[in-house]
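Chemist: If you scroll down you'll find the structure; I have some questions about it.
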Amino acid sequence: MSIGDDGYARQQTTLETQIDLILHGIPGVEEGLEGAAAYPDNWREQGSVDYLYRERSILVRDADVERVVRIVPSEPVRGEDNLRGLTLLEFTADEQRSVPDVCAAVDRELGEGVITPDHVFYVCPGSLCPATEPEPVPQPGPCPDPGVSTEPCDGSGVLVAVLDTGWLPGAGTQHPWLAGVSGQTDPAIAGNPSRIRPYSGHGTFVAGVVRTMAPKADVEVRRTFRAAGATFESHLVKQFAEELRKGVDIISLDFGSNTRSDIPALGFAVVGEQLANYPGVALVAAAGNDSSRRPVWPAAFGWAVGVGALSSNWRNRAYFTNYGPWVDVYAPGQDFVNAYATGEYVYTEPPNIGRTQYFDGLCTWSGTSFSTPLVSGLIAARMSATGENAPQAAQALLARARGQAIPGVGPVLLPGQACDDRQQGCHHDHCHQRPACGCH
């Protein structure tokens, strides 16, 4: 609850609960992201947030540092997040302006986009996060939905990296379609009494979706988001660059951010230039859940595969998905069932604030966070059948998606469409039906 201008208590909106969680956390359960702030300052009264950023810090290309520090009292931050080509500058005591004010001043002096905020990227871009909170599975059972593919192209030999909330180690034993998945541990349970932390299990759920489309792909889940499903751009792009050097084929990014003035995220612009040195790697990124045309980065970059969500009938855009010419493809993303944490979850968003629900390792969830790994899995599956590298397989699937575009929606991809064009005599009837379970 919060107090309105009239002095009466009112229920918080979904936006308020999500932003407050990122900025302040939940005492004794989840830490907020230290140093994070929202623009504009009066976002609560305005009812919308333009972007989130790190206070007293800006990003700049290495080549521009000298001319920026001449007009902005600041100094480079040295540490583990250093990335060649990108510098994080921290204001000195002599700089008393806010980050938005400094960015506006440098825009006037040096040109737009020479510096940008160190944006906050998070699992829940904008006002819906993902599109829903996890819900109990209506009919408990051992199988995911969409079901595990039984197609001959199974993702063998393909490595998919998932940058997310980490991996629930017991999930590989509990759920057969997740056997062999690895990653950095997701500390799912916290508090007294104990409960599932907000966004915990998200990375495991995402890995499960990849495996439904590519059952034999190698999947590694990294714990990228350590506080309330959020992290700073400078930290995130360093991890992205590290994944490139590991020899991955596909990087599945189930997060994003709006940016100041919708200028492309500078950190990811620098990483995108590095991606040119890894021509066999594909980046697949979520379009976000704001029902908006506004670009979400990194999905909006031309070198990324930006993924929006179809509704549960697979014929319409999901009510929550972002859309527009920067979204490359739409795939199912509503009412998925897959692996989740075990324990009690306390809802943080209206209309269920405070409700407690027990989960036993499965949940139903919706969002572009889940249509994204579905596409990543289809790319991996195709690679194992064709010998194509990830960008080649992605482009082939995108060509197919454009060929079966739905009016009023756009290009679409569905489960079962990874390699059926290579199977003689296939009439594609299964492409428009939910696959059977196939998880045993």
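The values are calculated or read from the model by the stated rules, or taken from the named source; none is laboratory data. Keep in mind the model is a prediction, meaning the values are calculated, not measured. Using ideal geometry, Cβ is built from the backbone for each residue, glycine included, and neighbour counts are taken over all protein chains shown. The protein model used for the area step is the full one, side chains on, heavy atoms only, and it has no ligands, DNA or RNA in it. Shrake-Rupley method; radii C 1.70, N 1.55, O 1.52, S 1.80 Å.
Chemist: Taking the options 101, 81, 107, name whichever one is part of a loop (DSSP other than H, G, I, E, B), out of contact with any strand residue (DSSP E or B) (no Cβ under 6 Å at 6 or more places or on another chain) and within 30 Å of residue 288 (Cα to Cα). Show your work before the answer.
Modeler: Details: 101 fails: part of a loop (DSSP other than H, G, I, E, B); 107 fails: part of a loop (DSSP other than H, G, I, E, B).
Matching residue, one of 101, 81, 107: 81.
Chemist: Something else now. Looking at (1) open to solvent by 10 Å² or more (accessible area, probe 1.4 Å); (2) touching a residue at least 12 places away in the same chain (Cβ under 8 Å), can you tell me which one residue 201 breaks?
Modeler: Looking at each condition in turn, residue 201 falls short on (1).
Chemist: Got a sec? Which of 282, 287 is out of contact with any Phe, Trp or Tyr (no Cβ under 6 Å at 6 or more places or on another chain), surrounded by 24 or more Cβ atoms within 10 Å (Cβ to Cβ), over 24 Å from residue 81 (Cα atoms) and modelled with pLDDT of 95 or more?
Modeler: Numbers: 282 fails: over 24 Å from residue 81 (Cα atoms).
Going through 282, 287 in turn, just one is out of contact with any Phe, Trp or Tyr (no Cβ under 6 Å at 6 or more places or on another chain), surrounded by 24 or more Cβ atoms within 10 Å (Cβ to Cβ), over 24 Å from residue 81 (Cα atoms) and modelled with pLDDT of 95 or more: 287.
Chemist: Residues in segment 423-439: is at least one in contact with a helix residue (DSSP H, G or I) (Cβ under 6 Å, 6 or more places away or on another chain), within 19 Å of residue 215 (Cβ to Cβ), modelled with pLDDT of 55 or more and in a loop (DSSP other than H, G, I, E, B)?
Modeler: no
Chemist: Please work out which residue is most open to solvent (accessible area, probe 1.4 Å), limiting yourself to segment 56-84 and to residues that are among the small types (Gly, Ala, Ser) and modelled with pLDDT of 95 or more.
Modeler: First, the residues of segment 56-84 that are among the small types (Gly, Ala, Ser): 57, 63, 74, 79.
Still in the list and also modelled with pLDDT of 95 or more: 57, 63, 74.
Numbers: 57: 4, 63: 94, 74: 19 Å².
Per the stated criteria, the residue is 63.
Chemist: Then there is this: What are the residue pairs meeting all of these: first residue in segment 55-69, first residue part of a helix (DSSP H, G or I), second residue surrounded by fewer than 20 Cβ atoms within 10 Å (Cβ to Cβ) and not β-branched (Val, Ile, Thr), Cβ atoms under 7 Å, and 6 or more apart or on different chains?
Modeler: Hits for this filter: 62/85; 65/76; 67/110.
Chemist: Residues 312, 292: which one is of a type in the set (Ser, Thr, Tyr) and over 18 Å from the mean Cα position of the chain (by Cα)?
Modeler: When all the criteria are applied, what remains is 312.
Chemist: Taking only segment 44-55 into account, find how many residues are open to solvent by 20 Å² or more (accessible area, probe 1.4 Å) and under 20 Å from residue 228 (Cα atoms).
Modeler: Applying the first criterion (open to solvent by 20 Å² or more (accessible area, probe 1.4 Å)) to segment 44-55 yields 44-50, 54-55.
Still in the list and also under 20 Å from residue 228 (Cα atoms): 44, 48-50, 54-55.
Here the count works out to 6.
Chemist: Right, something else. In segment 320-351, which residues are more than 25 Å from residue 166 (Cα to Cα) and either open to solvent by 40 Å² or more (accessible area, probe 1.4 Å) or in a strand (DSSP E or B) (or both)?
Modeler: Matches in segment 320-351: 323, 325, 328, 329, 330, 351.
Chemist: Across segment 176-197, what is the number of residues that are open to solvent by less than 10 Å² (accessible area, probe 1.4 Å) and either at pLDDT 95 or above or not aliphatic (A, V, I, L, M) (or both)?
Modeler: Here is the first cut: in segment 176-197, the residues open to solvent by less than 10 Å² (accessible area, probe 1.4 Å) are 178, 186, 196.
Within this subset, residues satisfying the condition of being either at pLDDT 95 or above or not aliphatic (A, V, I, L, M) (or both) are 178, 186.
Residues meeting the conditions: 2.
Chemist: Any idea how many residues of segment 153-169 are touching a Gly at 6+ places or on another chain (Cβ under 8 Å), more than 9 Å from residue 204 (Cα to Cα) and open to solvent by 10 Å² or more (accessible area, probe 1.4 Å)?
Modeler: Summing the residues that are touching a Gly at 6+ places or on another chain (Cβ under 8 Å), more than 9 Å from residue 204 (Cα to Cα) and open to solvent by 10 Å² or more (accessible area, probe 1.4 Å) in segment 153-169 gives 1.
Chemist: Taking interchain pairs and intrachain pairs at least six residues apart, which have beta carbon atoms under 8 angstrom, with the first residue in segment 372-389 and among the basic types (Lys, Arg) and the second in a helix (DSSP H, G or I)?
Modeler: These pairs meet every condition: 382/393; 382/396; 382/397.
Chemist: If only one of 249, 262, 218 is modelled with pLDDT of 95 or more and under 28 Å from residue 53 (Cβ atoms), which one is it?
Modeler: Working: 249 fails: under 28 Å from residue 53 (Cβ atoms); 218 fails: under 28 Å from residue 53 (Cβ atoms).
Exactly one of 249, 262, 218 is modelled with pLDDT of 95 or more and under 28 Å from residue 53 (Cβ atoms), namely 262.
Chemist: Pull up segment 6-17, narrow it to residues that are more than 16 Å from residue 40 (Cα to Cα) and at pLDDT 65 or above, then point me to the one that is farthest from the chain's Cα centre (by Cα). Walk me through it before giving the result.
Modeler: Looking only at segment 6-17, we keep the residues that are more than 16 Å from residue 40 (Cα to Cα), and these are 6-14, 17.
Still in the running and at pLDDT 65 or above: 12-14, 17.
Details: 12: 24, 13: 22, 14: 18, 17: 19 Å.
Only one residue tops the list, namely 12.
Chemist: Turning to a different aspect of this structure: Looking only at residues in segment 372-422 that are basic (Lys, Arg) and out of contact with any Pro (no Cβ under 8 Å at 6 or more places or on another chain), which one is most open to solvent (accessible area, probe 1.4 Å)? Before the answer, list the steps.
Modeler: The initial filter retains those residues of segment 372-422 that are basic (Lys, Arg), namely 382, 400, 402, 422.
Checking which are out of contact with any Pro (no Cβ under 8 Å at 6 or more places or on another chain) leaves us with 382, 400, 422.
Working: 382: 22, 400: 52, 422: 136 Å².
Per the criteria, the residue is 422.
Chemist: Residue under question is residue 261, and the condition is that it be open to solvent by 20 Å² or more (accessible area, probe 1.4 Å), under 24 Å from residue 203 (Cβ atoms) and not aliphatic (A, V, I, L, M); does it hold?
Modeler: Values: open to solvent by 20 Å² or more (accessible area, probe 1.4 Å): yes; under 24 Å from residue 203 (Cβ atoms): no; not aliphatic (A, V, I, L, M): yes.
So residue 261 does not fit the description; no.
Chemist: Hey, can you tell me all the residues within segment 232-279 that are over 21 Å from residue 90 (Cβ atoms), of a type outside the set (S, T, N, Q) and assigned to a loop (DSSP other than H, G, I, E, B)?
Modeler: 246, 247, 248, 249, 254, 255, 264, 276, 278, 279
Chemist: Answer yes or no as to whether residue 229 is open to solvent by less than 30 Å² (accessible area, probe 1.4 Å) and under 14 Å from the mean Cα position of the chain (by Cα). Break it down into steps so the answer makes sense when it comes.
Modeler: Working: open to solvent by less than 30 Å² (accessible area, probe 1.4 Å): yes; under 14 Å from the mean Cα position of the chain (by Cα): yes.
Yes: the conditions hold for residue 229.
Chemist: Of everything in segment 293-319 that's under 25 Å from residue 146 (Cβ atoms) and among the small types (Gly, Ala, Ser), which residue is most open to solvent (accessible area, probe 1.4 Å)?
Modeler: 312
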